[in-house]
Amino acid sequence: MSRLFPYPLLTLALFAMWILLTGFSPGHVLLGGLVAALVSRTMLSLRPEPTGFRPSMAVLRLAGMVSADIVRSNIAVARIVLFTPAERQSGFLRLPVELRNPYALAVLAIIITATPGTLWVQHDARRHVILIHVLDLVDEEAWIRLIKDRYERLLLEIFK
């Protein structure tokens, strides 16, 4: 059975999405099943590497921390934009990272970009440095410590 459906959850999700989008009829059920089976088999050629994800309480801590930081950053950016004179300095900082797992790096990119006032710009995989743009860059070292202590530490725990 695993030869026919190497990724059964993906096959099921594709089939369910097909039926939800096209409606339930015998023809769509047959076509959706065929498309789901063929498309999920294409994942074999991609050979995705294991994520290294280990569910733990760190996931919940990270989710809570990111949610709170996004709300806090929205308020801070609104204050900067609406009430602060133009003397605020935006800038770029280079963040050295210990993360090597591509999935953990992707999560960090999402966190940084989703947080108002910061933007993931570039990742140098050879030097393991991330270039980040910060709207209000007062203390570069404080930003580096904040990202490494709050996010990277938990991501290293989650993705081993």
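Here, each number is a calculation from the coordinates, and none is a lab measurement. Only a predicted model underlies this, so the values are computations on that prediction, with no experimental measurement involved. All Cβ positions, even for glycine, are placed from backbone atoms using ideal geometry, and neighbour counts span all protein chains on display.
For the chain, which DSSP H helices look membrane-span-like by this rule: Cα extent along the axis of 20 Å or more and mean Kyte-Doolittle of at least 0.5?
8-22, 26-41, 57-83
With a cut-off of at most 16 other beta carbons within 10 Å, and DSSP calling the residue loop, which GluC sites (Glu not before Pro) in segment 65-160 qualify? Please list them. Intermediate results must be reported in sequence, preceding the final value.
Values: sites: E87, E98, E140, E141, E152, E157; in loops: E87, E98.
Passing both the DSSP loop test and the Cβ count: E87, E98.
Can you give the calculated 222 nm mean residue ellipticity of the chain, where each DSSP H run of n ≥ 4 adds -39,500 (n - 2.57) and the sum is split over every residue, rounded to the nearest 500 deg cm²/dmol? The partial results should precede the final answer.
Details: 7 runs with 89 residues, N = 160.
The helix contribution divided over the chain gives -17500 deg cm²/dmol.
At a 10 Å Cβ-Cβ cut-off, how would you order S90, S40, S2, fewest neighbours first?
Ranked by crowding around the Cβ, least crowded first: S2, S90, S40.
Relative contact order of segment 1-96: what whole-number percent is it, with Cα pairs under 8 angstrom and at least 6 residues apart?
24
Order these by the 10 Å Cβ neighbour count, fewest first: L14, L154.
L14, L154
Test of the criteria: in segment 38-96, which trypsin sites (Lys or Arg not before Pro) are in a DSSP loop and have at most 15 other Cβ atoms within 10 angstrom of their Cβ?
Here the sparse-neighbourhood loop sites are R88.
If contacts are Cα pairs under 8 angstrom and at least 6 residues apart, what is the relative contact order of the chain in percent?
After rounding, I find 25 percent.
Starting with the fewest neighbours, write out T42, T115 ranked by other beta-carbon atoms found within 10 Å of each beta-carbon.
Working: T42 10, T115 20.
Lowest to highest Cβ neighbour count: T42, T115.
For segment 140-160, list residues with backbone N below 18 Å from a point placed 7 Å from the Cα of E49 toward its Cβ?
So the set is 155-160.
Pick the calculated Cα extents along the principal axes in Å for this structure from (1) 65, 35, 29; (2) 41, 38, 30; (3) 45, 38, 23?
Answer label, from the structure shown: (1).
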